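Everything on this sheet refers to the single structure shown next.
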Amino acid sequence: MDKEVFRQFGYKFIDWVADYMTEVVKYPVMSQVKPGQIKERLPQQPPDKGEPIERIFDDFKEIIIPGITHWQHPCWFAYFPANNSPPSILGELLTAGLGVQCMIWQTSPVAAELEEVVLEWLRKMLGLPEGMAGVIQDTASTATLCALLTAREKATNFEANQRGLKKPLVVYASEEAHSSIEKGVKIAGYGKENLRLIPTDDAFAMIPEKLEEAVIVDKKRGLQPACVVATLGTTSSTAIDPLADIGKICHQHDLWLHVDAAFAGTAGILPEKKWMLEGAEYMDSFVFNPHKWMFTNFDCSAYFVKDPGALIRTFEIHPEYLKTGLDAQVKNFRDWGIQLGRRFRALKLWFVIRYYGMERLQEMIREHIRLAKLFKGWVENQENFELMAPVSLSLVCFRLNDGRDEEALDSLNRRLLESINQNGKIYLTHTTLRGKYTLRLAIGQRLTEERHVKEAWKLITSKAEEILKMPY
Ligand code: PLP
């Protein structure tokens, strides 16, 4: 591509993105296309001859955009957010322009050193224990897999990498833990039958006594407990597992403690939420996602470990073609995770933290928490609505309940969710809590303001009114 054409379309694309950031509200939050509708519009065969960028851009607007679900819409209340922000987008643009692959220090020294420095900033921002070292992974799922693999090696004195697992090891997480733990347990060779899902209390947090009981029972049966995954901010209801009590049990039984704070970790930058991290001194590893609530483009997951030596020993490989004369002096992040090739992800994070600074980041997170409290109050005061879980951060779990039986309530709320999402004004998703169908309103999108939350509540209550009038 001619440099001038690149420049011309570069400006055009930035204009498009800048407009998109304000015009995103005009789109339905959830894409309205039907399955197969996009594929029908795409040619089956790849083009023989290249096409002008202008035509590709036209098709981007015509074909691609209708199939987009708009995660950056202020009425995004589904799942958890995957935020971007202007500084992050600009950082990503430069990363794309540089096109570096940062597998080892020498393949871009600044990528390794910036990653080290920015993750040290994050460690301090959250108040994680001094000495924990950070590395960027693509997702929390990958970070948790790294933790499970390192825990496996630690528990077998680094024998499993060499000889495979000779004896079952057991992993513990709460019944509310994310599915990535089960996935990691399967991939890391523990076996799903060696994952114990520990009961939770009324607030959906792990009950430490039940954890200890399970560990003791397993030991009596001749099994080897190896790892506990505690969650700060469960996916269904942002329940906070009691870290200090769990940590003491891990310490006593010599178990690896991994903490999954994928969404909630960002709230650790608030002094008033630091209680979540009490007991952090017991953690062997910790993950949270700046790509969820810290306004950094997907993907960017911050993984911290107490003992980088154990992590490196689990993953290191030394093929001749990757050796450099500086290996003894530098950090080669290729040995800090699964993949060899690595994106320059620290750049966008550096842009975000520098652009907003700690104070503005705290303000934004606090505002989301305030909005959730407001919404919680509306639910509590509305006839036929009920809260389904405590609101610990910015997620509200609720349902419509007019007193019909549980099965009918599940179906009522399923219909309510469908009708809320149908017109594309807002987007909510669901979960089940103790088997009950529950609506989740997750606040955390960067552009969400009080008026958007009010709009959501108005829509939810009016749809509820309509549905309650229908025969069932
Ligand atoms: N852990 C928790 C508690 C989550 O809520 C999620 C996703 O929402 C994950 C892990 C998985 O995150 P990722 O998509 O980064 O793997």
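Readers should treat all values here as calculations from the given coordinates under stated rules, not as data from a laboratory. What you see is a predicted model, and the numbers here were worked out from it, not measured in a lab. No Cβ is skipped: glycine too gets one built from the backbone with ideal geometry, and neighbour counts run over all protein chains shown.
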Using the Karplus equation 6.51 cos²θ - 1.76 cosθ + 1.60 (θ = phi - 60°), what ³J(HN,Hα) coupling, rounded to whole Hz, does each residue of segment 218-233 give in order, writing x for Gly and Pro?
-> 4, 4, 4, 7, x, 8, 10, x, 10, 8, 10, 10, 9, 10, 9, x
So what is log10(I(q)/I(0)) for segment 1-86 at q = 0.14 1/Å, when the Debye sum runs over its Cα atoms only?
-> -0.66
Describe numerically, in nm with one decimal, the distance between label points set 7 Å from Cα along Cα→Cβ at residue 386 and at residue 466.
-> 2.6
In what sequence, highest mean first, do 45-53, 26-34, 282-290, 422-430 appear when ranked by Cβ atoms within 10 angstrom?
-> 282-290, 422-430, 26-34, 45-53
So for the pair residue 8, residue 39, with labels modelled 7 Å out along Cα→Cβ, what separation do we get in nm?
-> 3.7
Between their Cα atoms, which of 167/248; 183/454; 219/331; 436/458; 34/458; 12/39 are more than 30 Å away from each other?
-> 183/454; 219/331
Proximal aspartates and glutamates to residue 463, defined as alpha-carbon separation beneath 17 angstrom and excluding residues fewer than eight positions away on the same chain = 383, 386, 402, 410, 418, 455
Karplus-derived HN-Hα couplings along segment 50-55 (A = 6.51, B = -1.76, C = 1.60, θ = phi - 60°), whole Hz, x at Gly and Pro = x, 10, x, 4, 4, 5
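Given segment 100-343, what percent of its DSSP beta bridges are antiparallel, to the nearest 5? It would help to have the intermediate numbers written out before the result.
Numbers: 11 of 28 bridges.
Antiparallel bridges: around 40 percent, rounded to the nearest 5.
Would you mind computing the Rg to Rh ratio of segment 100-343 from its alpha-carbon coordinates, Kirkwood style for Rh?
Across segment 100-343, the Cα-based Rg/Rh ratio is 0.96.
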Taking 0.36 nm per intervening residue step and subtracting the Cα-Cα distance, what contour gain separates residue 223 from residue 404 on full extension?
-> 60.6 nm
Of the trypsin sites (Lys or Arg not before Pro) in segment 184-254, which ones lie in a loop per DSSP and count no more than 15 other C-beta atoms within 10 Å?
-> 221
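Quick one: work out Rg over Rh on the C-alpha atoms of the chain, Rh as Kirkwood radius. Show your work: numbers first, answer last.
Values: Rg = 23.9 Å, Rh = 24.2 Å.
That ratio is 0.99, to two decimals.
Please find the FRET efficiency linking residue 450 to residue 62, where r is the Cβ-Cβ separation and R0 is fixed at 41 Å, and quote it to the nearest 0.05. All intermediate terms of the calculation are to be shown ahead of the outcome.
Details: r = 35 Å, r/R0 = 0.86.
That gives a FRET efficiency of 0.70.
In deg cm²/dmol and to the nearest 500, what is the mean residue ellipticity at 222 nm of the chain if only DSSP H runs of at least 4 residues count, each as -39500 (n - 2.57), divided by the residue total?
Details: 15 runs with 201 residues, N = 472.
Computed ellipticity for the chain at 222 nm equals -13500 deg cm²/dmol.
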Two pseudo-spin positions, 7 Å from Cα along C-beta at residue 216 and at residue 252, lie apart in nanometres by 0.8
Restricting the count to DSSP beta bridges whose residues both fall in the chain, what percent are antiparallel, rounded to a multiple of 5?
-> 55
Please name which of 168, 150, 46 has its Cα lying farthest along the dipole of the chain towards the positive end, using unit charges on Cβ (Lys, Arg +1; Asp, Glu -1) and the Cα centre as origin.
-> 46
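For the chain, calculate the relative contact order in percent as a whole number, restricting contacts to Cα pairs under 8 Å that are 6 or more residues apart.
Details: 814 pairs, mean separation 102.3, N = 472.
Relative contact order for the chain comes out at 22 percent.
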Put +1 on the Cβ of each Lys and Arg and -1 on the Cβ of each Asp and Glu in segment 358-468; which of 388, 437, 374 then has its Cα farthest toward the positive end of the dipole?
-> 374
Inter-centroid distance (Cα atoms) of segment 4-22 relative to segment 88-129, Å | 25
Filtering trypsin sites (Lys or Arg not before Pro) in segment 363-405 by DSSP loop and by at most 14 other Cβ atoms within 10 Å leaves 404
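Quick check on packing: order 299-311, 228-240 by the mean number of other C-beta atoms within 10 Å, highest mean leading. Each step should come with its number before you reach the end.
Numbers: 299-311: 21.4, 228-240: 26.5.
Highest to lowest by the protection proxy: 228-240, 299-311.
How big is the dipole moment of segment 383-472 about its Cα centre under a simple scheme where the beta carbon of each Lys and Arg is +1, that of each Asp and Glu is -1, and everything else is neutral? Debye, nearest 20, please.
On the way: 14 positive and 13 negative charges, 62 e Å.
Computed charge dipole of segment 383-472: roughly 300 debye.
For segment 332-472, would you read off the P(r) tail past 26 Å as a percentage of all alpha carbon pairs?
Details: 3835 of 9870 pairs.
Cα-Cα pairs of segment 332-472 separated by over 26 Å account for 39 percent.
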Cβ-placed point charges (K, R +1; D, E -1), dipole of the chain about Cα centre in debye, nearest 20 | 400
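Looking only at GluC sites (Glu not before Pro) in DSSP loops with at most 16 other Cβ atoms within 10 Å, what is the longest site-free stretch of the chain? Intermediate results must be reported in sequence, preceding the final value.
Details: sites that count: 130, 159, 175, 278, 316, 383, 449.
For GluC sites (Glu not before Pro) (loop position, at most 16 other Cβ atoms within 10 Å), the longest site-free span of the chain is 1-129.
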Taking R0 as 45 Å, what's the FRET efficiency between residue 418 and residue 339 from their Cβ-Cβ distance, rounded to 0.05?
-> 0.70
What residue among 70, 244, 426 has its Cα farthest toward the positive end of the dipole of the chain, where the charges are +1 on Lys, Arg and -1 on Asp, Glu, each on the Cβ?
-> 70
Give me the number: length gained by fully extending residue 157 to residue 49, i.e. 0.36 nm times residue separation minus the C-alpha to C-alpha distance, one decimal in nm.
-> 33.2 nm
3J(HN,Hα) from dihedral phi, segment 35-47, Karplus parametrisation 6.51/-1.76/1.60, rounded to Hz, x for glycine, proline | x, x, 5, 6, 4, 4, 8, 10, x, 6, 9, x, x
Taking Lys and Arg as +1 and Asp and Glu as -1, residues besides residue 87 with C-beta under 13 Å from its C-beta add up to +3
Charge sum, other residues only, whose C-beta stays under 13 Å from residue 251's C-beta, Lys/Arg counted +1 and Asp/Glu -1 | -3
